[in-house]
Amino acid sequence: MGEPTFGVLGPLQVQAGGAPVHIGGPKPRAVLATLLLQPGAFVSLDQLTEVLWPGAAPRSAVANVRTYVRALRQALSTAGADTEGLRTQSSGYAFDVAPGDIDLLLFEQRLDAARLARDRGDDTAALRGYESALGLWRGGVLADVPASVLWQPTVTRLEQARSAAVDECLEVRLRTGDYPQLVAELRARLTEDPLREDLWQMLVRALHSSGRTREARSAYAEAERVLAAELGIEPGPSLRGTGEEVNGYVRRRRATTPAPVCQLPMDVPDFTGRADEVDALRRLLSTAGQQPVVAVLSGPPGSGKSTLALHVAHRMSDSFPDGQLYVHLGGMSDQPREPSDVLSELLRDLGVIDSAIPAELSEQAALFRSRLAQRRFLVLLDDAAGSAQVRSLLPGTGGSAVLVSSRRRMPALPAHHLRIGVMRRDEARALLGTIIGPARLRVEEADADRVLAGCGSLPLAVRIAGARLTNRPGWTVGTLADFLQSERGRLDQLQTGEMEVRASAELSYRHLSEGAATAFRAFGQLPDEAVAGWLIAVATGSTTEAAEELETLVDEHLVEVVGTDRLGTPRFRMHDLLRCYARELADTDRSDVGRQHRLRVVDSLVTLARAANAAMPTRFLGLLGEPGTPSGPAAALETAVRAQPVEWFETERRTLVASVESALRDGHVTRAAELAIELASFFDMRGYYGDWLRTHQLVYEAMPDTPDVRAATLLRNLGQLHLYQDRYAEALAAFDTAHTVFVQLGHPLGAALAAVGAGSVHRQLGDLEAALGTFEAALHGFGSVGDRHGEAVAYNAVASVWLERGDSAAAAPWLDGALALSREVGDLHREAQVRRRLAVSYELRGEPRAARAELERALGIFDELADAHCAAYVQQSVGELCLRQGDAGQASALLVDALAVQRQLGDRRAEARVACLLGELHHSRGREQSARHYFHHSLSAWRRLEAGDQAELVDAKLRSLT
C-alpha cells in the first residue's frame, strides 16, 4: 500500500506519484499545515494570519495569505496533485482531503478498525490494525514546521490518541502472547513514564507468562522501589496482586478489614456514546494514588451528567477496592442538602457510630478526611448546588477519588473540570438506535436525523424521543420529526412519563436572579445565533451592559461562551431547546414590551450598520442612510465598528439578516427596509447573494404600494443582484422601474444609479449603443448632484463599451478620467476596477506584460480589501492571460481558485466560462479525464443558463475527446 499524499504525523510531507512535492518556504508550508490539521473544515483568514504572524500581522497579511494559497495551489497542480479539494470560501479556505490521502485521517480510520476487531475478540486482526495505524507515525506532529498555539488542541488530541493506541496495542500483544516484542516495548515505555503501574503490571505478567519468572520478580521489585522513591507509596492492589502471584504467595487480608461499601445506583443498561468523556474520566480516576482526584462534571440541563458519572463509577469500581459512596445533593431542589447532614450520613456509612460523629461541620469534615486517608474509595456526589456544598465533602490525602455532577460551574473547587455538552451527532444517532432498534433507525435514517436535529442532540431529549417512538409503534420516525419541526410546539413533544425537557429547564430557570432571568428570556427574542453581550442588554431594555447577568447564565450552563468575535467581543449561545423555553417565557411577557425591545434591537443594528458603512473600505454603488450616533449598550461599540467595519458586518451577518425578518414579523416594514438597505454594501463586497436576495425580496414585497425612495432603492439593489447572477431580463426590469420611481420622486442620484445598472445589462446583452447612451445619461445625472464617485463609475462604464468594440484609443480618455476620479475620491476599489479595464486596453494594443501588471495591481487591491468576489474575476482574467501566453501551470492554479469562488457566489456565467477554459487547458496537456470533467461542468452551467450557442460550442469540445 502506497503512502498517503499528505502527511502531518511527523515532518510535513507531500508527494504525488510517489515523488516528494516541494511546497516552498516556511509561510506556504505553515498555511498547508494549518489546512491539513483540519481536513475539510473552514479555516478563516484570521486564523491563518495568526499562525503566520502571531500577534503582529502586517497590513498586507490578507493579501499575503491569498498569495501563499495561490502558490500552494500552483505547486500542487504542477506536481500533478489534485487541487479540487482546496476550496476558497468567503474570508477563508478549506481543504477537502479523502481519508486515504492524509495520514491523520488514515490513522484514525485504522485505529477505529483495530478497536472494532479488539471489541469482537479478534486479537490477531486487532494487532495488525494497531501496528498499521501506529506505522503511519514518522515522529512528532509537524515536527519540521514551527509550532502555532492554534494547532495545540489538535496536536494534543493526536498525540493523546497515539499514546492511547500504543497502550491498547500493548494490551492486545499481551493477550496474544507476543511476549518478546511486548517486553521490549514495555521497557521503552517505562523509561519515558516510570510511574505507570499498569505498564509495570503488564511487564511483570509478560515476563512471568513467558517463563522468565526470575526477571518478573525482579521487575516487580523494581516497581516497588520506583514507586516508593518517587511517590512514597506501595504498589496499588492490582499490581500488588500480580507481584504476589509471581512471588508465589497471597497476602491474606486482616480480619479487621471492613467489607467494601457499594452504594452506587444501578447503571443505565443502554448507556451509549460519550466514548471520549468516558475515556478521559477513566484515565483521570486511574491516577488516584498519592493524592486524591476530584472531577467535576458540569453542563446544561438534560446533558446526561449524572448518567455519565454513574456509568464511569461502575466501570471504575474495581480500582477502588474499599468501596463506592453515593449521595444525591439535591442541588436543583428547593432545599439542597446541608454539608453537615451529608457528612453525618457518609461517616455512618464508613462505620462511625452516631455518638462519635462531631456536631461541628469542620470536625465532621476532618474525621471524614481521616477515614479516607489510608483507603481507596470512589465518592459520587450527584446534583451539587455549588462549591460551598461540596468543598467539605472532599478527601485531603490518600488514593480516593470524587466525581461531582452539577448544572453549575465550580471554578473555585480544587478539581479537574469537564464540561459535558450535547452529544456528537453520531453518538446521538447511536443512542436513538439503541432505544428504537437499529433496524428501524436504518430504514428511516433521514427522518431520524431530523428528529436528532429537533432534539439538538441533547441526551435527555433523545431519550424522550426514543421512548415516545417505542411507546407508539404506529408512528413513523418521520411523524415525530414533523412534530418537532415547529419551535413553538417542540417542548410539548419532548415529554413522556417523568421525563420532560421543559421541566428540566425550569428547574434551572427558577433559581435565577431577576436580572439573570430577564437576560434568559431575552435569548428567546433573538435569532438562533451566537450573540454579543451588548445585544442581550438591548433586548432586555437595559441602558447598560448585562455582564453580570450573562456570567450567571454561563455559570448555570444555560448559555455558553462560544469564543470571541473579530472585534474582541465574547459571543454567547443558548441551546435550541433552552431557547424554545426562553421563547415561551418571553411570549408570556406583555406583548408591547417584547415588541418594543425587539424594535430597540433593530434600531441599534441600523445605527451601527450606518456607522460601519461610513467607514467601509469600498464605496457602494447605491443609496445608504446618514450615519447617526448609537446610544445605550451599543454606544460602546461604535469606535470598534468604525475601525473594523467589514469584520463587524461579518460577525453579525446572521443576526442582521434574522433581525430584518423579525422586524417584518412585528410589522415594522420601514425599519426592516432601512436595515436591509444598509446590508447591501457588505453583501455586494463579500458575495452573500442568498442573504441579499432574501432580505430585499421579503422587504420589497411587504412595502406599501405607494412608491418611495426606500422601495426604489431596494429594487435598484435587486437589479444589481440579478445582473451578477445573469438574470438579465429581471435585472433590466428592476433597474428601469427603479429609475422611473426615482425620476417621479425628483431623486437624480437614485435615477443615475439605476441608469448605470441598466447600461450594464445592455452591455452584457451586446446592445452597445443602448449601453453607451444609458451610461452617458448616468454621467450627466451624477454630475448634476456633484457625485464624483458616481462620475468615476460612469467614466469606467463608458470605457467598457469602447473596449467591447475593440477600440482602445477611444476608451483611453475615459479610462484616464476614471482613474483620476477614483484617486481623487480615494476609492481603492473603484481604482482596481478601472485597472481591470486598463489591462484589457493594453492587451488590445498588444502589450500583454503591461496588461498583466495592471491585473496584478488590481488583484493586490482586492486582496487587501478582502473582496473575494472581485478578486476572483481578476484571477480569472490573469488566468486567461497566462493561458494565452502559454503559462499553463500558473493559468491552472488561478482558474481553479476563480472557479471555486464563482461556484460559491452563484455566478453561473463566469463559472461556465472558467470551467470551459480549464477543460481546454487540461486537454492541451493530455489530461483527458480532467478535461472531460470540466467540459461537462461547463456544459451543464450553459444549459442551466439556456445559452444554446455556448452550450453547443462546449458540447463540440466534449465530443472531440471521445
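At-a-glance table
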read-out: For residue 497: the one exception among (1) in contact (Cβ under 8 Å) with a residue 12 or more places away in the chain; (2) closer than 27 Å to residue 555 by Cα; (3) surrounded by fewer than 20 Cβ atoms within 10 Å (Cβ to Cβ); value: (2)
read-out: The stretch 886-902 residues that are without any contact (Cβ under 8 Å) to a residue 60 or more places away in the chain, paired with ones that are among the polar types (S, T, N, Q) and surrounded by 18 or more Cβ atoms within 10 Å (Cβ to Cβ) (beta carbon under 8 Å, 6 or more apart); value: 895/875; 895/876; 898/875; 898/876; 902/876
read-out: Hits in the stretch 658-672 - residues which are without any contact (Cβ under 8 Å) to a residue 60 or more places away in the chain, within 18 Å of residue 607 (Cβ to Cβ) and crowded, with 19+ Cβ neighbours inside 10 Å; value: 660
read-out: Enumeration of residues in the stretch 706-716 that are part of a helix (DSSP H, G or I) and farther than 14 Å from residue 761 by Cα; value: 709, 710, 711, 712, 713, 714, 715
read-out: Condition met for residue 136 (surrounded by 14 or more Cβ atoms within 10 Å (Cβ to Cβ), in contact with a strand residue (DSSP E or B) (Cβ under 9 Å, 6 or more places away or on another chain) and either modelled with pLDDT of 85 or more or not in a helix (DSSP H, G or I) (or both)); value: yes
read-out: Options 911, 880, 847, 920: the member that is without any contact (Cβ under 8 Å) to a residue 24 or more places away in the chain and among the acidic types (Asp, Glu); value: 847
read-out: Count of the stretch 284-333 residues which are among the charged types (D, E, K, R) and within 38 Å of the chain's Cα centre (by Cα); value: 2
read-out: Among the candidates 81, 71, residue that is out of contact with any helix residue (DSSP H, G or I) (no Cβ under 6 Å at 6 or more places or on another chain) and aliphatic (A, V, I, L, M); value: 81
read-out: Lone qualifier among 586, 547 - being surrounded by fewer than 21 Cβ atoms within 10 Å (Cβ to Cβ) and touching a helix residue (DSSP H, G or I) at 6+ places or on another chain (Cβ under 7 Å); value: 547
read-out: Pair list, Cβ < 8 Å and 6+ apart or interchain, from the stretch 127-144 residues that are over 14 Å from residue 8 (Cα atoms) to residues that are surrounded by 16 or more Cβ atoms within 10 Å (Cβ to Cβ) and of a type in the set (Val, Ile, Thr); value: 127/172; 130/172
read-out: Restricting the stretch 326-380 to residues that are among the β-branched types (Val, Ile, Thr) and farther than 17 Å from residue 402 by Cβ, the residue that is surrounded by the fewest Cβ atoms within 10 Å (Cβ to Cβ); value: 353
read-out: All helices (runs of 4 or more DSSP H) inside the stretch 292-390 with 3 or more residues being modelled with pLDDT under 90; value: 339-349, 361-373
read-out: Total residues in the stretch 804-834, condition of a type in the set (Ser, Thr, Tyr) and either closer than 27 Å to residue 787 by Cβ or not in a helix (DSSP H, G or I) (or both); value: 1
read-out: Which listed residue, of 105, 111, 36, is in a helix (DSSP H, G or I), free of Cβ contacts under 8 Å to residues at least 60 places away in the same chain and assigned by TED's automatic domain parsing to the domain that holds residue 133; value: 111
read-out: From the options 803, 815, 753, residue that is within 47 Å of the chain's Cα centre (by Cα) and under 17 Å from residue 739 (Cβ atoms); value: 753
read-out: Test for residue 889: is it over 24 Å from residue 75 (Cβ atoms) and either of a type outside the set (Val, Ile, Thr) or in contact with a Ser or Thr (Cβ under 8 Å, 6 or more places away or on another chain) (or both); value: no
read-out: Count of residues meeting criterion [among the polar types (S, T, N, Q) and under 25 Å from residue 501 (Cβ atoms)] in the stretch 392-451; value: 3
read-out: Any helices (runs of 4 or more DSSP H) falling wholly within the stretch 521-636 and containing at least 1 residues that are without any contact (Cβ under 8 Å) to a residue 40 or more places away in the chain and under 30 Å from residue 864 (Cβ atoms); value: 591-614
read-out: Among (1) surrounded by fewer than 21 Cβ atoms within 10 Å (Cβ to Cβ); (2) over 15 Å from residue 623 (Cβ atoms); (3) free of Cβ contacts under 8 Å to residues at least 60 places away in the same chain; (4) not aliphatic (A, V, I, L, M), the one test that residue 689 misses; value: (3)
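Condition check ((1) acidic (Asp, Glu); (2) farther than 15 Å from residue 622 by Cα) across all residues:
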{"site": "709", "(1), (2)": "no, no"}
{"site": "716", "(1), (2)": "no, no"}
{"site": "727", "(1), (2)": "no, yes"}
{"site": "733", "(1), (2)": "no, yes"}
{"site": "747", "(1), (2)": "no, no"}
{"site": "767", "(1), (2)": "yes, yes"}
{"site": "778", "(1), (2)": "no, no"}
{"site": "789", "(1), (2)": "no, no"}
{"site": "808", "(1), (2)": "no, yes"}
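The rows are residues; the columns are (1) out of contact with any strand residue (DSSP E or B) (no Cβ under 9 Å at 6 or more places or on another chain); (2) at pLDDT 85 or above; (3) assigned to a helix (DSSP H, G or I); (4) not hydroxyl-bearing (Ser, Thr, Tyr).
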residue: 144; (1), (2), (3), (4): yes, yes, no, yes
residue: 155; (1), (2), (3), (4): yes, yes, yes, yes
residue: 165; (1), (2), (3), (4): yes, yes, yes, yes
residue: 175; (1), (2), (3), (4): yes, yes, yes, yes
residue: 249; (1), (2), (3), (4): yes, no, no, no
residue: 252; (1), (2), (3), (4): yes, no, no, yes
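Residue by residue, here is whether (1) free of Cβ contacts under 8 Å to residues at least 60 places away in the same chain; (2) surrounded by fewer than 21 Cβ atoms within 10 Å (Cβ to Cβ) holds:
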{"position": "679", "(1), (2)": "no, no"}
{"position": "685", "(1), (2)": "no, no"}
{"position": "696", "(1), (2)": "yes, no"}
{"position": "700", "(1), (2)": "yes, yes"}
{"position": "706", "(1), (2)": "yes, yes"}
{"position": "724", "(1), (2)": "no, yes"}
{"position": "748", "(1), (2)": "yes, yes"}
{"position": "756", "(1), (2)": "no, no"}
{"position": "759", "(1), (2)": "yes, no"}
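Residue by residue, here is whether (1) outside any helix (DSSP H, G or I); (2) β-branched (Val, Ile, Thr); (3) in the same structural domain as residue 126 (by TED's automatic domain parsing); (4) in contact with a Cys (Cβ under 9 Å, 6 or more places away or on another chain) holds:
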position	(1), (2), (3), (4)
171	no, no, yes, no
195	yes, no, no, no
241	no, no, no, no
246	no, yes, no, no
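The values are calculated or read from the model by the stated rules, or taken from the named source; none is laboratory data. Predicted, not measured: the structure shown is a model, and the values here were computed from it. Reconstructed Cβ throughout: ideal geometry from the backbone, glycine too, with neighbour counts over all protein chains shown.
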